[in-house]
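Notes to accompany the following structure.
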Amino acid sequence: MLVLAHISDLHLDGTARATERARRVRDRLWQLPQRPDALLVTGDIADHGTESEYEEAAALLGLRGADAPFPVLTCPGNHDRRAPYRKALLGRPAADGPVNSAHVMPGGAVLMCDSSIPGRDDGLLDAETYGWIESRLEELGGELPVLLAFHHPPVPLHHPLPDSFPLHGSDRLAALMARRPEIAGLITGHAHTPAATTFAGRPLVVGPGVTWTLRLPWEGEPIADRDAPPGFALHVLDDTGRLTSHFRVVT
Ligand SMILES: [Fe+2]
Ligand SMILES: [Fe+2]
């Protein structure tokens, strides 16, 4: 069994507001009496993609030799920029290709995939990333349930804002999942609202945003509810591959 904490869309921008909200959620997760196996951070970590924003994120999330109590697994979103993300968040040489990373744990594996398109707000898992996913799944040999985590949800969420910046090419993802029953579900961010649906017959869970919460069309204006408290999810992936997701806000 895997227990995965999940946050998304910190949009760290150097303001005290963004820092305080991210720190509030981080502190709650760091203080959980029973540690999750890992924390997933599904993109839009920085708001402008500057090195200084990633320096702050690395310190706040306990990356780069700092003191996170469990592994912190990240992927970029449309607000992130790959070269400074690699350099200042991950402490690796700056490079422009997709930032993908695989994490194999006793109860399952998580593939953190880059769905960003440099310079754009819509999303795509590109050919390099699909090749990387296929190779990792091949190596794993179908032995463990696998979660794919990336920023852009591959289905419309019935809100004009996230739906105007979708993940393109989701047919290819559906075809891959049809061949790979070990993919237990998809974990995404981007929409700034906790949501659950299905994709290719498997669970698709969207994590809540840290920076602000999306008001749905039935909830009125403005679109960004900046007073709603930040939230996180706790995903439980059991040994049968069933994904159960719980949501919390941090007041
Ligand atoms: Fe975002
Ligand atoms: Fe986004």
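For this structure, a couple of remarks:
- Any chance Ala88 is more than 18 Å from the chain's Cα centre (by Cα) and surrounded by 19 or more Cβ atoms within 10 Å (Cβ to Cβ): yes
- Extreme residue, nearest to Leu186 (Cα to Cα), among residues of region 11-36 that are away from ligand 2 (no atom under 16 Å from the Cβ) and part of a loop (DSSP other than H, G, I, E, B): Pro36
- Single condition Glu128 does not satisfy, out of (1) out of contact with any helix residue (DSSP H, G or I) (no Cβ under 7 Å at 6 or more places or on another chain); (2) within 13 Å of Ala200 (Cα to Cα): (2)
- Sole residue being in contact with a helix residue (DSSP H, G or I) (Cβ under 9 Å, 6 or more places away or on another chain), surrounded by fewer than 16 Cβ atoms within 10 Å (Cβ to Cβ) and in contact (Cβ under 8 Å) with a residue 40 or more places away in the chain, chosen from Pro93, Pro153, Pro160, Pro69: Pro160
- Residue that is surrounded by the most Cβ atoms within 10 Å (Cβ to Cβ), among those in region 131-150 that are within 18 Å of Gly43 (Cβ to Cβ) and away from ligand 1 (no atom under 16 Å from the Cβ): Leu148
Every residue, every condition in (1) within 24 Å of Arg120 (Cβ to Cβ); (2) aliphatic (A, V, I, L, M); (3) within 17 Å of the chain's Cα centre (by Cα), yes or no:
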site: Thr188; (1), (2), (3): yes, no, yes
site: Ala191; (1), (2), (3): yes, yes, yes
site: Phe199; (1), (2), (3): yes, no, yes
site: Gly207; (1), (2), (3): yes, no, yes
site: Ala233; (1), (2), (3): no, yes, yes
site: Asp239; (1), (2), (3): no, no, no
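- Within region 72-86, considering residues that are without any contact (Cβ under 8 Å) to a residue 60 or more places away in the chain and away from ligand 2 (no atom under 16 Å from the Cβ), the one nearest to Thr50 (Cα to Cα): Pro84
- The residue list Thr188, Thr197, Thr213, Thr244 contains one member that is without any contact (Cβ under 8 Å) to a residue 12 or more places away in the chain and either crowded, with 22+ Cβ neighbours inside 10 Å or under 16 Å from Leu147 (Cβ atoms) (or both), which is Thr244.
- Filtered residues of region 132-171 (kept if assigned to a helix (DSSP H, G or I) and within 20 Å of the chain's Cα centre (by Cα)): Trp132, Ile133, Glu134, Arg136, Leu137, Leu161, Pro162, Asp163, Ser170
- Within the set Thr193, Thr251, the sole residue that is part of a loop (DSSP other than H, G, I, E, B) and within 21 Å of Cys75 (Cα to Cα) turns out to be Thr193.
- Any chance Leu39 is touching a residue at least 12 places away in the same chain (Cβ under 8 Å), part of a strand (DSSP E or B), in contact with a Phe, Trp or Tyr (Cβ under 7 Å, 6 or more places away or on another chain) and closer than 25 Å to Ser116 by Cα: yes
Computed from the coordinates by the stated procedures, all read-outs in this text should not be read as laboratory data. None of these values were measured; they are calculated from a predicted model. Reconstructed Cβ throughout: ideal geometry from the backbone, glycine too, with neighbour counts over all protein chains shown.
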